[in-house]
Amino acid sequence: MKKHILSVDDEVDIRELLQEVLTMKGYRVSTAAEPEQAKKIVKEDPPDLIIMDFQIEEGDGFVLIEAFKTLAPATPILLLTGAVFDRQVVRDTIQKKVASYLDKTASLSMIVSEIQRLLGDTPDATEHH
Amino acid sequence: MKEKIEQRVVSLFVLMLGILVFVAFAAVRTIEKFIESSDWVNHTHDVIIQVNDVVSSLHAGDAALRTYLLTGDRRDQGAYRSAYAEMIEHLEIAKALTRSGLEKNTQNKQILELQDLISNRVDFTRSVVKARDQSGIDGARQVFAAHPDVESMGKIQRLSAFIIDGENGLLRERDKESHLQAQATRTTVYTGVVVNFILLVFVVWLLRDDLDARRQAAFALEEANAHLEAKVQERTAELVKANLSLKQENLERRWSNQALDHQLRYSQLIINSITDLVFVISRALNISRINPAVGHQTQWEPQDLVAQSLDRVLQLNPEASAGTPPQNPIAVAMREGRELQNRQAVLLSKGGTTTSVEYSMVPLRDQDKVVGAVVIVRLRNESPKAG
C-alpha cells in the first residue's frame, strides 16, 4: 500500500510540483492550501508524513503545527519554508517543534531524500543527490 | 549462395533425367537389335531344319518308292507321294526363308540349285513309276538301266550339307551379334545406373551441405537477433534512464525557480513592509533601489531617483577633519567598510519640502568586497519645513 503524504502550502505551483515528484516516487499525495482543509484531511485520511510551510492562507504555521500534533501526534512533520533565514534560530526554536526542517531553496532531490528518510524508505537508484 | 545450390541441384536432376532417357532409349534400341538378332538366329535354325527335312523327306520318299516298285501296292505309292509332297513343301519354305537377309545372295541361289536337282530327281521318279505302271517291274528296271541316276542323290546331299554349313556359319555370326547386343545393353544400363547413383550421391551431398549452411545461417541470424534485442533493450533502458534523469532535472529546475521566486517575493514583501525609507546605493553613491516608503514620504517616483545620486533626495552633513576638505560620510564609511548609525541628514521631497531625518548605513558585501550600501532613513519627530 502506498504511503500517504499531506502537502500544505499556500502556493499552488509548489503544491503541484511536490505532488508530481512524490507521486512519481510512489507516494499517495494529498494537498491543502488552508488550515481547515489540512486538518480535515488529517482527521479523515491520516497521512504518514506532513509537509508544510509557515505561510498559509488564512492561518499561521506555528498554530497549525500544534493542531497537527494534537490530531496526529505520531505523524512526522517536515517544515519546508523560505520564511526563516537564520540557521541558529531554526536550530534553537523551529526544529524542536517538527521532525525536520528544510529551506525551500534546498534541491528537490535533497527534499525527496529527507522525505524518504522520515518515512523509513530506501532511496531508489535513479535518484540524484 | 542459396540460388547457386538450387541451380546446381536442378541442373544435376536434369542431367540425371537426361541420362535416364538416354539409357532407356539405348536399352530399347539394343533390345530391339537383340530381338532382331534372335529372330535371325531362329530364322537360320528354321532354314537348317527345312533343308534337313527336305533331305529326310527325299530319303523317306525314295524308300517308299522302292517298296512300291517292288510291290506295286497303291498304298506304297501314296506313301512316297506323301513324302515327296512334304519334301516340296519344306523346299518351298526354305526358299521363302532365304529370299531376304544375308541368305538372299548365296543360300537362296543354292536352294534354287537344290530345287533343280530335286526337280530332276522327281521327273526321273515319275518316268520310273510310269514304266512300272505300264510294264511292270521289268519296265522299271529298263528305265533304271537306261538312265542310271547314281549322282543326283549325292549332289543333293552335298548341296544340302553345304547349305547347312553356310547357315551354321550365319548362325554363329548372329549368335555373336546377339551376345554383343546383350552385352551392350547390360553395359549401357549399368553405366547409366552407376552414373545416376554418383550424381544422386552428389546431389545428396550438395543438399546436406546446403542444409548445414542454412542451419548455420539460421543460428547466426538467431544470435544476431538476440544480440540486437539485447542492444535494443540496453538502449531502451538507457533512454528510459536518460528520460527519467531529464524529467528529474526538469523538476529540479522548476522547483529551483519556484523556490527562488518565492524567496524573492518574500524578501520583496519584507522590504516593502518596512516603514523606514530604504535606499540601496552603489559605490558611486547612485541609487539603485528604493522601497515604497521613499515614494510615500517624498513623492519621488522610483524612475525619478534610480540611477541618480543620493544627494538628490538626502543631504548629508559632511565630515571634516583638520587640514582636509569635507567628505561625504557614506563614501568614507564605504571605503573603510564600516557602518554608520543614527547620523543627521535632511530629506528632500519632490515638491522641495525638507525634513530632518536620521540615517544609518550598512555596506553591502559580496564575497568580502563592498559593492554598495543600504541607507535606512528614519523620520525625526519634527514637522517638515517648506523649501
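Numbers at a glance
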| quantity | calculated |
| --- | --- |
| Test for B:D62: is it assigned by TED's automatic domain parsing to the domain that holds B:V193, farther than 27 Å from B:A182 by Cβ, touching a helix residue (DSSP H, G or I) at 6+ places or on another chain (Cβ under 6 Å) and surrounded by 15 or more Cβ atoms within 10 Å (Cβ to Cβ) | no |
| Residue check for B:F279: more than 14 Å from chain A (Cβ to nearest Cβ) and in contact with a strand residue (DSSP E or B) (Cβ under 9 Å, 6 or more places away or on another chain) | yes |
| Candidates A:A106, A:A67, filtered to the one that is outside any strand (DSSP E or B), under 15 Å from the mean Cα position of the chain (by Cα) and either β-branched (V, I, T) or within 14 Å of another protein chain (Cβ to nearest Cβ) (or both) | A:A106 |
| Verdict on B:K95 being assigned to a helix (DSSP H, G or I) and surrounded by fewer than 14 Cβ atoms within 10 Å (Cβ to Cβ) | no |
| B:R132 being assigned by TED's automatic domain parsing to the domain that holds B:R75, within 22 Å of B:N42 (Cα to Cα) and over 60 Å from the mean Cα position of the chain (by Cα) | no |
| Scope region B:277-304; condition assigned to a helix (DSSP H, G or I) and in contact with a Phe, Trp or Tyr (Cβ under 8 Å, 6 or more places away or on another chain); matching residues | B:V294 |
| Pick from region B:23-41, criterion of a type in the set (A, V, I, L, M) and touching a Ser or Thr at 6+ places or on another chain (Cβ under 7 Å), ranking: nearest to B:S160 (Cα to Cα) | B:V41 |
| Residue among B:T44, B:T67 that is closer than 24 Å to B:G154 by Cα, among the hydroxyl-bearing types (S, T, Y) and without any contact (Cβ under 8 Å) to a residue 60 or more places away in the chain | B:T67 |
| Residue check, B:A213 surrounded by 12 or more Cβ atoms within 10 Å (Cβ to Cβ), more than 14 Å from chain A (Cβ to nearest Cβ), small (G, A, S) and in contact (Cβ under 8 Å) with a residue 40 or more places away in the chain | yes |
| Residue in region A:17-34 that is surrounded by the fewest Cβ atoms within 10 Å (Cβ to Cβ), counting only those that are assigned to a helix (DSSP H, G or I) and touching a strand residue (DSSP E or B) at 6+ places or on another chain (Cβ under 8 Å) | A:T23 |
| Residue check for B:I270: farther than 26 Å from A:R15 by Cβ, β-branched (V, I, T) and either away from chain A (no Cβ under 14 Å) or in a helix (DSSP H, G or I) (or both) | no |
| Test set (1) within 13 Å of chain B (Cβ to nearest Cβ); (2) under 25 Å from B:S245 (Cα atoms); (3) in contact with a Leu (Cβ under 7 Å, 6 or more places away or on another chain); (4) not basic (K, R) - A:V29 fails condition number | (1) |
| Condition broken by B:H59, with the remaining ones in (1) without any contact (Cβ under 8 Å) to a residue 24 or more places away in the chain; (2) within 30 Å of B:L200 (Cα to Cα); (3) not hydroxyl-bearing (S, T, Y) satisfied | (2) |
| Candidates B:Q181, B:Q115, filtered to the one that is in a helix (DSSP H, G or I), in contact with a helix residue (DSSP H, G or I) (Cβ under 8 Å, 6 or more places away or on another chain), free of Cβ contacts under 8 Å to residues at least 40 places away in the same chain and of a type outside the set (S, T, Y) | B:Q115 |
| Conditions (1) surrounded by fewer than 18 Cβ atoms within 10 Å (Cβ to Cβ); (2) part of a helix (DSSP H, G or I): number failed by B:Q258 | (1) |
| Selection count where residues are farther than 22 Å from A:T105 by Cβ and assigned to a helix (DSSP H, G or I), scope region A:35-63 | 11 |
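The values are calculated or read from the model by the stated rules, or taken from the named source; none is laboratory data. The model shown is predicted, which means the values in this text are computed figures rather than measured ones. In this analysis, Cβ positions are derived from the backbone assuming ideal geometry, glycine residues included, and neighbour counts consider all displayed protein chains.
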